[in-house]
Amino acid sequence: MACAGIDFGSKTSVVAIARRGGIDVVCNEVSNRGTPSMVSFAGAERHAGEAAANFASQNFKNTIAGLPLLLGLDAAAPMVVAEAARSDATIIPHADTGRTAVRVSYGAPPVDTELTVEALSAMFLGKLMSFASAEYGSAVKDCVVSVPGYWTQSQRHALLDAASIAGINVMRLMHEHAALALAYGMFRASALPDEKPAKVLFVDVGDATTTAFTATFTKGRADITSTAFDATLGGRSIDDVLVQHFAADFKTRFHVDALSRPRPRLRLRKDVEKLKRVLSANAEGRLNIECLMDDIDVSAAMKRADLEVLIAPLVDRTTQVVKQALGKSPAADLLAVELVGGGVRVPAIKAAIKAALDGADVPLQTTLNADEAVARGCALMAADLMPGLQRRPFTLNDVLPCGGARLVPAYGPDANAEAVATVRASMVASDAQPLGRLNRVELPYLGGPIETALHYRKPESLPVGVLRGEETAFAKVRIEAPVEAVALDSSDAPAFADSKPAVGFKPQVDANVRINENGIISVVSARLKKLITAEVPGPPPAADMAVDSDGAVPNGDVAPANGDAKVDDDKSSGLAATAAAAASRAASAVSSAASAAAAAVSGSKTDSAGSAAPKVPMKTVSQVAWENLLLTPVPPLCQGGMGAAAISAAADVEASMVATDVYQRELGEARNALEAYVYDVRVRVDAGGDLAPFGNEKARAALLADLNAAEDWIYSEEGEEANKSAFVARRDALVSATSGMLQRKKEADNRLPTAGHLRAMAARFRAAAGGPDLDHVTDEEKDKVVREADDAERWMDERLAAQASVAADVDPVVTVDDIRRRGSAMSAVCTPIVTRPKPAPPAPPAPAKEEAPKADAPTADGAAPAANAANGEAKPADAAAPSTNMPMETDGAKVTVEEVDDATAADAPAAEAVKEPVKMEVEEPTA
């Protein structure tokens, strides 16, 4: 049982696997621990990861990189527009949803195909999970995927949709900063305090984003206290500055514009990344690119000091992020500053982080692996969520960094404008709530459905460019409240009314808004608080009350002593109180009481004496009740992502592409098999080859012509468009034409070894027949073994002599199978004889039974004499001991002594040599 943790990065993704024994980072197909986050298309083939990176420079229009930066955003969002300018792929809005999509050339023959970023991400996630499955040895489908803390609701939904398309079970979306905190707390548990929390600042400078956050640690616990982000600052920002600098320099000195064409631009970016790494470790570096464009070689030198001047604005932005994460907390309270991400290797970035601490003596440390810590943290969380796996207990408390949402209701056109304005201003959820919380929001009920919208509470905290325009809503849902005439009154009303329906009751709708563990905010349920009324039996009139013989009325009140029907005021008030109590008890079961009242007033009843029963008075009571309401998503901002129907359709497309991938792989294998067979057999059939002696000139010439024709067909236009069966059929035809020569060579190679094995077997049978181990076998049977061995060997010699006169390119007169069959026939006759076991020795005679001596005939010295059991005669005390091989009784136990024939024991190994059946087995040389 295993699960995976995925660091879904903008440039490189890392997969870690959690299984019994620990956490391991998985290598991809080329043994790299990081996989490029890109997908490429070439004809009917798809490539992801390393294979896509290999196609990037030659197939840049069909290669899509930076998938997390495009996922879940509208194509018109400013961030997507900026990414489209950087990419060489064609990024377009989806025809139905307006979300980001990519137009690629795919298929056989290739046609323009529109694919959503969710579908592209599904391809890449499936590739990452295949690495975990290959490492574990069986399918791995459960994982935890990291996401930046500033991701919007649509981005989170899109990633879950992509995983569903790929058939992957995402147990949780985990914030990158939370994964770092978990990895730090788990792997440094011995250095954490027991009671007083230790505060640590983390700075993660990735390829496209920079994150800084603080967390407090104790043994077994971590709490995220503050976060700060810059979604457009990262390692590639430094690359952009260098690309612009050298492009301008080359344009001036070499008169080439590297940014005007995709391929030179990609080569320049690749080389400036290498230069950045060189300058991180050296004071000076050099850039040399051969044939950048128009067959012109370019070169330039740069010092680290010059680089720091160019990236000074980026360094200042890094300082701002760190200070924002620290807030008003003094840096002196920090235990350490943990640096993570590839960008922290730049010395200027480290200096900026140190400067943001305002001189506090806090060490900058890199105890976590800068590239793999997030994946390890996700794998640790996956192990905690996976049934069957168990890790050391550790509590992690995370919050929604860009938290907060407000629920804005919209009423019909006839609603009270003042009341609606009050509601719009008051429906605000709290900020930075812990994940997994449920909030109840009260909405006034104005007598009809309520259309609610979830808005970002602080849209300014989101990255610039992720929202299109001023719209801050991310989900809309309609609460299907019933249409009723309701008077809105601010006065509080009692829960029940004694004599008439409640006046002034204020109905309301309670909406439950959840922030789940994935950071997704949604309206999960709603219910209506309303007042229901019903008629119940009231108290009977005092004059009609019957009086028992002891002066008690049926309801428990005491009647007057004089039996007068008229009561005083005090007694009247007591009866009224009793009646009110009875009405209250009846109101607790409104529905059942109403049914009883209906039955009571349906007609007159008579008692057993035939008199009519008294009429029961009725009373109206009210009670508060809750009614669950239906929620209907409102397009286009339906909460829940793509929806089940769209996900199912995308999954079908993905399945068909996977089938196409399998066919293309098998087609390539068939093409390679035919090509390899042509090259191998042609060398062997040609003059000097090992197959040349086993075919005549005419047959070899015809075969060589077929091989050359097959090679020409492979590289022809027809071969390029041929299907798998065509390659398989051509190879089978060539195998059939070559089979005669291959069979004759196989016979020639194995004939003599097989004959030698038969000779050795015949010699063993003859030796066994003449040995001492077969003394129990008759002479006729021994002669039969010798004759069978001689006949088999004579037959083989005759056949080999006949074969010696046959040419090598002619079918043999005796085959290896013929020799094996003759050896098996000889073994069937000889083996039962030479392996026959010796008969068992005869059983010894049974000993004579002796009777016990008589006890009433003692000797002179008091000893009982030994009497013969048969005739009563005394047996001498010094009777002779039993002879060897004869049983005797000693102290009541029977002992048998056997002699061993030393000669037979010495010859035992020789007999064992022929006890097992002899089999004819010869290892065949490879043809």
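3J(HN,Hα) couplings calculated from phi for the stretch 314-330 with the Karplus curve 6.51 cos²θ - 1.76 cosθ + 1.60 (θ = phi - 60°) are, in sequence order, 5, 5, 5, 5, 5, 4, 5, 5, 5, 5, 5, 5, 5, x, 8, 6, x Hz; Gly and Pro show x. Each label was represented as a point 7 Å from its Cα along the Cα-to-Cβ direction; for residue 317 and residue 295 these points are 4.1 nm apart. Since only 247, 300, 315 are under comparison, the one whose Cα sits farthest along the positive direction of the charge dipole of the stretch 235-365, derived from C-beta charges on Lys, Arg, Asp and Glu, is 247.
The orientation-averaged projection of the convex hull spanning the C-alpha atoms of the stretch 235-365 amounts to 8.5 square nanometres. Near residue 355: Cβ cut-off under 12 Å, other residues only, Lys/Arg at +1 and Asp/Glu at -1. The net charge is +1.
The trypsin sites (Lys or Arg not before Pro) found in the stretch 1-106 that occupy coil by DSSP, while having at most 14 further C-beta atoms within 10 Å, are 20.
Taking amide H positions as modeled 1.01 Å from N, with prolines and chain starts lacking one, the residues under 5 Å from residue 619 and 5 or more places away or on another chain are 536, 538.
Each Lys and Arg contributes +1 and each Asp and Glu -1, all at the Cβ; summed about the Cα centre of the stretch 235-365, the dipole is approximately 220 debye. Here the Karplus curve 6.51 cos²θ - 1.76 cosθ + 1.60, taken at θ = phi - 60°, turns the phi angles of the stretch 167-176 into couplings of x, 10, 8, 8, 5, 6, 8, 10, 5, 4 Hz, with x standing for Gly and Pro. Scaling against 2.2 N^0.38 Å puts the C-alpha radius of gyration of the stretch 644-737 at 1.54. Rg ratio for the stretch 86-194: its Cα radius of gyration over 2.2 N^0.38 Å, N being its residue count, equals 1.38. Find how many whole Å separate the alpha carbon centroid of the stretch 657-683 from the alpha carbon centroid of the stretch 47-74. Using only Cα atoms to place each centre, the spacing works out to 27 Å. Between the amide H of residue 451 and those of 410, 479, distances stay under 5 Å, these residues lying 5 or more places away or on another chain, with hydrogens modeled in the peptide plane. Taking θ as phi - 60° and the Karplus parameters 6.51, -1.76 and 1.60, the scalar couplings of the stretch 380-392 work out to 5, 5, 4, 5, 6, 8, 7, x, x, 10, 9, 10, 5 Hz in sequence order, x denoting glycine and proline.
Diffusion coefficient of the stretch 155-293 by Stokes-Einstein, Kirkwood radius over Cα pairs, 4 °C, 1.567 mPa s: 69 µm²/s. Taking Lys and Arg as +1 and Asp and Glu as -1, the other residues whose beta-carbon sits under 14 Å from that of residue 292 total +1.
About its Cα centre, the stretch 751-841 has a charge dipole of approximately 260 debye under the convention of +1 per Lys or Arg Cβ and -1 per Asp or Glu Cβ, with nothing else charged.
All of the numbers you see were taken from the coordinates with simple rules; none came from a lab. Being a predicted model, the structure only gives us computed values, none of them experimental. Virtual Cβ from ideal backbone geometry, glycine too; neighbours counted across all protein chains shown.
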